[in-house]
1. Return the residues of the stretch 268-293 that are touching a Leu at 6+ places or on another chain (Cβ under 7 Å) and farther than 18 Å from residue 249 by Cβ; say none if nothing qualifies.
2. Exactly one of (1) among the hydroxyl-bearing types (Ser, Thr, Tyr); (2) free of Cβ contacts under 8 Å to residues at least 40 places away in the same chain; (3) touching a Leu at 6+ places or on another chain (Cβ under 9 Å) is unmet by residue 50. Its number?
3. Does the stretch 138-150 contain any residue that is of a type in the set (Asp, Glu) and farther than 19 Å from residue 242 by Cα?
4. Name the one entry in 226, 216 that is of a type in the set (S, T, N, Q), modelled with pLDDT of 90 or more and outside the structural domain of residue 280 (by TED's automatic domain parsing).
5. Does residue 168 meet the test of being in a loop (DSSP other than H, G, I, E, B), touching a residue at least 24 places away in the same chain (Cβ under 8 Å) and in the same structural domain as residue 245 (by TED's automatic domain parsing)?
6. Select the helices (runs of 4 or more DSSP H) contained entirely in the stretch 251-356, then report the ones holding at least 1 residues which are closer than 22 Å to residue 77 by Cα and modelled with pLDDT under 65.
7. Looking at 101, 158, which one is among the aliphatic types (A, V, I, L, M), more than 27 Å from residue 187 (Cα to Cα) and out of contact with any Ser or Thr (no Cβ under 9 Å at 6 or more places or on another chain)?
8. Just to be sure I understand, how many residues within the stretch 56-72 are over 19 Å from residue 261 (Cβ atoms), surrounded by fewer than 17 Cβ atoms within 10 Å (Cβ to Cβ) and not charged (D, E, K, R)?
Amino acid sequence: MSLLRTIGLYGLLIFLLWGCAVDKRPDQYTSAMTVSSSLSAHASHFSQYSELQKALKYRNLSVTDAGQILPINQSVCNAALFYRITQTTLPQYIGKHQDLLSGFYIDVAQVNRNWLVVDTDNDFSTIGNQQELTKVAASLMPKMMRQDVIIIRPVPGLDSASLIDLAQTAKTLFLGHRLQFIVDKQHFALMNNLVVEPLSTAASQSHAFIAATEQTSDARKRMIMTMDSFDVADATAIVVDAQPLIACMQANKHAILSPTQKVTAAPLKVDTVLLASILPTDADFNRLAEQQQLLSEGKYLSINNQQLSYHVGNKPLSNRCSLLKKGDEDYQYCIDRQQDGDTVITTQKYIMKIQK
């Protein structure tokens, strides 16, 4: 019996192994859906930008429908991005800004008992364009995201009654949105009672604060800072309207990733796709037409508006294994590693279904 049992077990094992060895997969699989690399919400899907969009993605950048180059998302800036509103006309990407912006910033003054959004410097010493707060809110609200924060900086010197009126007006106009008011310390308790988060007009360890004018003059931006116990200030938010990408690059010098290509000789054709791949990390990517001409002269334009030399790299040896002979100690290792490098590895996720 034991012999028959042993033979039977071996037979069952062979049968199972044979069954596992048979390829039961159907002859063909097809994707249930078209698979494509995801883009930022503010990135353009226009076919005219498709190749440029691919090249920019590897540099932490994206191009909008209007052709503006922006950070791929705000995380590459190492700080939150806020758009500073000075008029009812808004950029094309507002409304698709969920990956780029944390909210909006407005400077507000009171004129003849009306609240106006004003275009002013950091000290309210000069006031330019003025828009009614109600009209700005009406223009902005349909394009806002649920998580958007509104930072309001009232003109200095307002009394408590005026601040209460402004806070209540803002809560009505921006219903459901988190509000932050930049006020002096004596009004912090008032803001808290109004369920409005206070930010400070002066450097403080206890609250975030708006930086002094000399630190926020570039690209019309404002900086919201925090200070640690060692009195070291760090930017937590960048407020900008005219040059979001430049402000981001100034806040984080590593925002733009290294070039994916290196020019080894004067290119026969310089287009935007090539520029997106080869421009240095400090280049102004929103002036590609000028960069196109400058590159032919061996130069490029930096974010500081400087014409700098573009260094052409030496062409690397395409196959170092060709320098080795079969008898060399590292020959086979080099060949194996080269084959590994030629292997295509796919990391994207696919949804598959059986073709019937």
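The values are calculated or read from the model by the stated rules, or taken from the named source; none is laboratory data. Treat the numbers as computed from the prediction; the structure is a model and nothing was measured. Ideal geometry is used to build each Cβ from the backbone, glycine not excepted, and the neighbour counts take in all protein chains shown. Surface accessibility is based on the protein's heavy atoms, side chains included, excluding ligands, DNA and RNA. Shrake-Rupley method; radii C 1.70, N 1.55, O 1.52, S 1.80 Å.
1. The first filter runs over the stretch 268-293 and keeps only residues touching a Leu at 6+ places or on another chain (Cβ under 7 Å), leaving 270, 272-273, 275-276, 283-288, 290-292.
Answer for the stretch 268-293, where residues must be touching a Leu at 6+ places or on another chain (Cβ under 7 Å) and farther than 18 Å from residue 249 by Cβ: 270, 272, 273, 292.
2. (3)
3. Step one: filter the stretch 138-150 for residues of a type in the set (Asp, Glu), giving 148.
This time we only want the ones that are farther than 19 Å from residue 242 by Cα, so: 148.
Yes, because at least one residue in the stretch 138-150 is of a type in the set (Asp, Glu) and farther than 19 Å from residue 242 by Cα.
4. On the way: 216 fails: modelled with pLDDT of 90 or more.
Going through 226, 216 in turn, the sole match is 226.
5. Numbers: in a loop (DSSP other than H, G, I, E, B): no; touching a residue at least 24 places away in the same chain (Cβ under 8 Å): yes; in the same structural domain as residue 245 (by TED's automatic domain parsing): yes.
Considered against the rule, which asks whether it is in a loop (DSSP other than H, G, I, E, B), touching a residue at least 24 places away in the same chain (Cβ under 8 Å) and in the same structural domain as residue 245 (by TED's automatic domain parsing), residue 168 comes out as no.
6. On the way: elements: 272-278, 288-295, 331-342.
Of the helices (runs of 4 or more DSSP H) lying wholly inside the stretch 251-356, none has at least 1 residues that are closer than 22 Å to residue 77 by Cα and modelled with pLDDT under 65.
7. Numbers: 158 fails: more than 27 Å from residue 187 (Cα to Cα).
Only one candidate passes the filter, namely 101.
8. First, the residues of the stretch 56-72 that are over 19 Å from residue 261 (Cβ atoms): 64-68, 70-71.
The next check asks that each one be surrounded by fewer than 17 Cβ atoms within 10 Å (Cβ to Cβ); those that pass are 65-67.
When the remaining residues are screened for being not charged (D, E, K, R), the result is 66-67.
Looking only at that region, the number is 2.
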